[in-house]
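The values are calculated or read from the model by the stated rules, or taken from the named source; none is laboratory data. Remember, predicted model here, so these are calculated numbers, not experimental data. Positions of Cβ are backbone-derived with ideal geometry, glycine not excepted, and every protein chain shown enters the neighbour counts. Note: areas computed on protein heavy atoms with side chains; ligands, DNA, RNA excluded. Shrake-Rupley method; radii C 1.70, N 1.55, O 1.52, S 1.80 Å.
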Amino acid sequence: MAIDVKNLVKSFHDGDRVTRVLKGITLSIDDGSFVAIIGRSGAGKSTFMYQMSLLDEPSEGDVIVEGRSTNEMTNAEETKFRLEKFGYVFQDYALVPELTAVENVALPLLMQGLPRERALADARAALTRVNLEAHLAQLPSQLSGGEQQRVSIARAIAHLPKVLFADEPTANLDRESSDGVMHIFGELHDAGQTIIMVTHELEYAHAAERIIRLDDGVVVSDERVPATERKRYPHPGLQAA
Amino acid sequence: MHFLTNIRVGWYLALRQVRRASVWTNTLIVFVMLLTFLNLVVVTGVLVGLVQGITNLYREQETGDVLISTLANQTDISHSPDIISFVKSLPQVTDLSARYVVGGTIEANYQTPPAPGETPNESAASIVGVDPATENAFSHISAFVGEGQYLSAGDYDAVLVGPQLIDRYSFGGDLLPNISALHNVYPGTKVRITVGTTTRVMTVKGILVTTANSPLASKVIMPENELRTLLGRNDYAVNQIAVNVAPGTDTTAFANLLRASGIGADAKVQTAQEAIPAGVAEVEGTFASIGNAIGSIGLVVAAVTIFIVIFINAITRRKFIGILKGIGISGEAIELAYVFQSLMYALVGSAIGLAIVYGFLVPYFGAHPIKLPISDAVIVAPVSGTALRVLLLVVTTAIAGYVPARLIVRKNTLDSILGRN
Ligand SMILES: Nc1ncnc2c1ncn2[C@@H]1O[C@H](COP(=O)(O)OP(=O)(O)O)[C@@H](O)[C@H]1O
Ligand SMILES: [Mg+2]
């Protein structure tokens, strides 16, 4: 699904003070592309992603998804859109502690009205894609940080979303787990998944095919990554071997 | 459809949250619910039971299920023998006792004249004449003979005396109107019984030992032929006919039947409930109110407990509640998850409470009433009242779970995810 961002402005009001965080961003994200958004801390990367992913309302401008202006969507429509069309991976994995891996992944599927057996089957399939088929019945507390993040990726992709949003998905992970996450993103992209990923690590940005650099709320560069420079992360199991 | 999905997801979350919560947390909350339930049901039940104990005493020892008694403007029940044989012939009737009842006095220590300024050792009493065997079959009164022996049909000059009339048993006896307790009265002691203008010396055969509120407490009882002699009554007109009916009989309908049969013209027909002194019913109402007041406090405590538990649970999970909302789980489903959790606690607490109340407390105290000076208390927990209390607890808990969940869930999704206010 293509996303068109038109003259996007986001400002925050704190009493009389107005902070303009996004100062007019216009760009398009192509269907099936893997885009990295980079920039210094405080540049506005997360804010930008929240506007694109319908987690927040822009102050000015518009975000157009599937040809529809999101300014014209009701809250309920936005929630439904997030549930059915988008997938989210946050810096915090935010898994429900009392649900097992497979139950956590099945939850949004149940919310979409899938029968229980079908939801659990899809959840198992998603966990298999992130190489967690051996940990289906484990609680989050029994999993490592990297494994928990992979569960949250499985939760984000189980319903085959049009767009996968990831905000610093590797920020809390060690090197090896981070590489594992990037390997999964690479595979998902190969399978046609649209991915928009915020990161402050240039190396991981090179897993994407396009890098957008933000600074102080404006796009300062927007470049394709030449195929030769694109970094592939091997299956962590293969790397170890 | 959307609503059903919310319920489904809410239930899915709630069930697992409770199942995988720490055993201690679950035990503690269920325990609070249990105590609240017991507080709601048992406190009122004991208080009402206390009064019910008195009511039961009146029914068992005096009124029976239906009491036929003398009309206000009459001295006795006209056509008594006809009424008795008619009532006995009715299929519902299991038991019947006819009694002669008159006001009189009983005097002890009459051989030694009172010192100057002292009043005779004399008390007002209700003088009752019964057929000893029939009365015992009806009210099991012989079980209450604490000293001496029960009456038998051929007894001459023998009486039973109630405990309020005897100084060593009298429970605040001297404070009661018309009662002044007798000294030195034991089985074998001679007492003077006066009815109207007739006085007769009789011998105490037994002393009844009952609770203060027993209708037997201030009675003097003798075989009916003795009282009839004392009264000089030649006909067989009695003052009271107490009737027991088979269990399950509608006593109100039965009383109406008796009235309609013509007995109403000669006597007053009342169910046990109607015949019991008005004060008892009032006290019952007061005690029930006190029980409900205490119960309400318990309910507030339960509500606050659940509120705090859910509030803390939700606020510490605010971030991932935000994320769940972010990924499209509806706020309603998350709120329902907390409501269902609260309901589970309330229902499990109530279920254990029900088992304790009906499986143990009610049958146990029914068989072994709590012996209190004013009555033998049982626990009164009618199913309808208990159901209402369970409902009250469940509704309160559901609200107490919903409110804090709502407070947290309705916060802006992104603010929750980012931990902003
Ligand atoms: N709700 C808010 N109110 C005020 N300022 C905000 C708010 N949210 C973000 N900001 C500011 O916007 C800027 C960009 O934030 P953010 O998008 O989180 O940056 P990044 O993700 O690139 O590190 C920061 O300076 C931040 O302080
Ligand atoms: Mg950020």
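So that you can scan it fast, the table gives a plain yes or no per residue for (1) assigned to a loop (DSSP other than H, G, I, E, B); (2) free of Cβ contacts under 8 Å to residues at least 60 places away in the same chain; (3) more than 16 Å from ligand 2 (Cβ to nearest atom):
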{"site": "A:I37", "(1), (2), (3)": "no, no, no"}
{"site": "A:S41", "(1), (2), (3)": "yes, no, no"}
{"site": "A:P58", "(1), (2), (3)": "yes, yes, yes"}
{"site": "A:V63", "(1), (2), (3)": "no, no, yes"}
Notebook entry, point to check: So which residues in region B:324-340 are more than 7 Å from chain A (Cβ to nearest Cβ) and either open to solvent by 20 Å² or more (accessible area, probe 1.4 Å) or of a type in the set (V, I, T) (or both)?
Noted result: B:K325, B:E332, B:I334, B:L336, B:V339, B:F340
Check: What number of residues within region B:205-233 satisfy the criterion of being surrounded by 22 or more Cβ atoms within 10 Å (Cβ to Cβ), modelled with pLDDT under 90 and among the β-branched types (V, I, T)?
Finding: 1
Next item on the list: Hey, can you tell me all the residues within region A:1-35 that are farther than 20 Å from A:A208 by Cβ and either within 16 Å of ligand 2 (Cβ to nearest atom) or touching a helix residue (DSSP H, G or I) at 6+ places or on another chain (Cβ under 8 Å) (or both)?
Entry: A:L8, A:K10, A:F12, A:T19, A:V21, A:L22
Note to self: So, A:A123, is that one modelled with pLDDT of 95 or more, assigned to a helix (DSSP H, G or I) and within 12 Å of chain B (Cβ to nearest Cβ) or not?
What the structure shows: no
Item checked: Of the criteria (1) surrounded by fewer than 18 Cβ atoms within 10 Å (Cβ to Cβ); (2) assigned to a helix (DSSP H, G or I); (3) under 28 Å from the mean Cα position of the chain (by Cα), which one B:F171 fails -> (2)
Check: Can you tell me how many residues in region A:65-90 are assigned to a helix (DSSP H, G or I) and not aromatic (F, W, Y)?
Finding: 13
Item checked: Among the candidates A:G113, A:G67, residue that is at pLDDT 90 or above and over 25 Å from B:D415 (Cα atoms) -> A:G113
Checklist line | Hits in region B:309-323 - residues which are in contact (Cβ under 8 Å) with a residue 40 or more places away in the chain and either among the small types (G, A, S) or open to solvent by 60 Å² or more (accessible area, probe 1.4 Å) (or both) | finding: B:F311, B:A314, B:I315, B:K319, B:G322
Notebook entry, point to check: Among the residues of region A:16-48, how many are more than 8 Å from ligand 1 (Cβ to nearest atom) and either under 19 Å from the mean Cα position of the chain (by Cα) or within 14 Å of chain B (Cβ to nearest Cβ) (or both)?
Noted result: 12
Check: So which of A:R116, A:R150 is touching a helix residue (DSSP H, G or I) at 6+ places or on another chain (Cβ under 8 Å), away from ligand 2 (no atom under 16 Å from the Cβ) and under 26 Å from A:H206 (Cβ atoms)?
Finding: A:R150
Item checked: Complete set of residues in region A:202-225 that are among the hydroxyl-bearing types (S, T, Y) and either more than 16 Å from ligand 2 (Cβ to nearest atom) or within 14 Å of chain B (Cβ to nearest Cβ) (or both) -> A:S221
Notebook entry, point to check: For region B:8-38, how many residues meet the condition of being open to solvent by 40 Å² or more (accessible area, probe 1.4 Å), in a helix (DSSP H, G or I) and either within 12 Å of chain A (Cβ to nearest Cβ) or over 11 Å from B:Y345 (Cβ atoms) (or both)?
Noted result: 8
Next item on the list: Answer yes if at least one residue in region B:341-361 is within 12 Å of chain A (Cβ to nearest Cβ), open to solvent by less than 30 Å² (accessible area, probe 1.4 Å), of a type outside the set (D, E) and at positive phi, and no otherwise.
Entry: no
Next item on the list: State whether the residues of region A:91-98 include one that is without any contact (Cβ under 8 Å) to a residue 60 or more places away in the chain, away from chain B (no Cβ under 12 Å) and either touching a Pro at 6+ places or on another chain (Cβ under 9 Å) or not in a helix (DSSP H, G or I) (or both).
Entry: no
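With respect to B:G129, determine if the residue is in contact (Cβ under 8 Å) with a residue 60 or more places away in the chain, assigned to a strand (DSSP E or B), out of contact with any Lys or Arg (no Cβ under 8 Å at 6 or more places or on another chain) and open to solvent by less than 40 Å² (accessible area, probe 1.4 Å). Write out each step before concluding.
Working: in contact (Cβ under 8 Å) with a residue 60 or more places away in the chain: yes; assigned to a strand (DSSP E or B): yes; out of contact with any Lys or Arg (no Cβ under 8 Å at 6 or more places or on another chain): no; open to solvent by less than 40 Å² (accessible area, probe 1.4 Å): yes.
No: the conditions fail for B:G129.
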Margin query: I'd like to know if region A:74-89 contains one or more residues that are away from every other protein chain (no Cβ under 13 Å), farther than 22 Å from A:Y233 by Cβ and out of contact with any Gly (no Cβ under 8 Å at 6 or more places or on another chain).
Written below: yes
Checklist line | Hits in region B:56-72 - residues which are in a loop (DSSP other than H, G, I, E, B) and among the hydrophobic types (A, V, I, L, M, F, W, C) | finding: B:L71, B:A72
Next item on the list: Give me a count of the residues in region B:60-88 that are under 17 Å from B:A281 (Cα atoms) and surrounded by fewer than 22 Cβ atoms within 10 Å (Cβ to Cβ).
Entry: 1
Checklist line | Filter result for the condition that a residue is away from ligand 1 (no atom under 16 Å from the Cβ), within 20 Å of A:A76 (Cβ to Cβ), not assigned by TED's automatic domain parsing to the domain that holds B:S214 and not in a helix (DSSP H, G or I), over B:I329, B:I379 | finding: B:I329
Notebook entry, point to check: Can you tell me which of A:T228, A:T194, A:T199 is hydroxyl-bearing (S, T, Y) and within 16 Å of ligand 2 (Cβ to nearest atom)?
Noted result: A:T199
Notebook entry, point to check: Only one of A:R155, A:R129, A:R118, A:R150 is under 18 Å from B:F320 (Cα atoms) and open to solvent by 40 Å² or more (accessible area, probe 1.4 Å); which?
Noted result: A:R150
